[in-house]
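Everything on this sheet refers to the single structure shown next.
None of the figures in this text is laboratory data; all of them are computed from the coordinates on show. This is a predicted model, so every value here is computed, not measured. Positions of Cβ are generated from backbone atoms using ideal geometry, with glycine treated the same way; all protein chains shown enter the neighbour counts.
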Amino acid sequence: MSSDPATIASPSGTHACVRCGAQTSLERGLCETCNPLGLKDSASSQVHGTVFVAVLFAVLVLAVLGRVAISGVGPFEAALVSVAPDGAGLAVTVEVTNTGSAAGQTTCQLTERSSRSSGAAAHVLSPRIDPGERVAFTRLVTAFGAEPRELDVACSAP
């Protein structure tokens with residue numbers, strides 16, 4: 001007969017010890033050898049509560065670390081330098097200044113000046129900008145077609 005706990009037939013009213021596999025009563029999770037003092041097992045609500053608190057703590061730590069990592073980036077001042085037709089879209093040159101105390105990137109939103117609230121919009125990502133630095137960059141935008149038009153630009157801080 002095999003000594004593997006999974007192959008041993010369990011007597012009625014017993015189950016395998018969760019630690020070593022020896023047979024123990026249904027009221028206990030651990031056998032007499034693994035729990036000689038007869039201490040109570042942890043309730044499932046205790047285990048789940050502990051896991052929930054650990055996950056919540058990890059999320060809070062990550063949020064604080066993320067905030068520290070992006071602090072000082074921006075705000076960004078932006079100006080539209082030029083808009084020129086380029087194939088199926090427009091070559092838009094934007095000049096962005098990082099007025100913050102840390103280097104970073106920003107996402108700039110381009111909108112049609114005539115229909116700011118309901119018209120098309122395009123988003124472009126700036127290159128990395130050091131604090132106090134002004135950078136001009138050109139991106140191809142297809143959201144407005146190939147006909148030059150007046151656009152507005154606004155860049156957001158993270």
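When the label point is put 7 Å from the Cα of ARG149 along its Cα-to-beta-carbon vector, which residues of region 89-116 have a backbone N closer than 17 Å?
Only 89-93, 109-116 fall inside the zone, counting backbone N under 17 Å.
From the square roots a ≥ b ≥ c of the eigenvalues of the alpha-carbon gyration tensor of region 39-158, which class results: rounded (a/c under 1.5), prolate (a/b over b/c), or oblate?
Verdict is prolate for region 39-158.
Which residue, ALA84, ALA54, GLY74, has the largest displacement toward the positive end of the dipole of the chain when charges sit on each Cβ (Lys, Arg +1; Asp, Glu -1)?
About the Cα centre, the residue reaching furthest to the positive side is ALA54.
Computed over the Cα atoms, what is the radius of gyration of region 8-56 divided by 2.2 N^0.38 Å, N being its residue count?
My calculation over the Cα atoms of region 8-56 gives 1.41.
At q = 0.17, 0.22, 0.29, 0.31 Å⁻¹, what log₁₀ I(q)/I(0) does region 54-103 have when each alpha carbon counts as one equal point scatterer in the Debye sum?
-0.68, -0.80, -0.98, -1.03
For labels at THR99 and ARG113 in the simple 7 Å Cα→Cβ model, what's the distance in nm?
2.1 nm
Taking 30 Å as R0, compute the FRET efficiency from the Cβ-Cβ separation of GLN23 and VAL61 and round it to 0.05.
Calculated value: 0.10.
Roughly what % of DSSP beta bridges within the chain run antiparallel, to the nearest 5?
Once the DSSP bridges in the chain are tallied, antiparallel ones form about 95 percent.
Report, in debye and to the nearest 20, how large the dipole of the chain comes out about its Cα centre when Lys and Arg carry +1 and Asp and Glu carry -1 on their Cβ.
240 debye
Mind telling me which of LEU140, LEU39, LEU90 comes out most flexible in a GNM of the chain, alpha-carbon contacts under 10 Å?
LEU39
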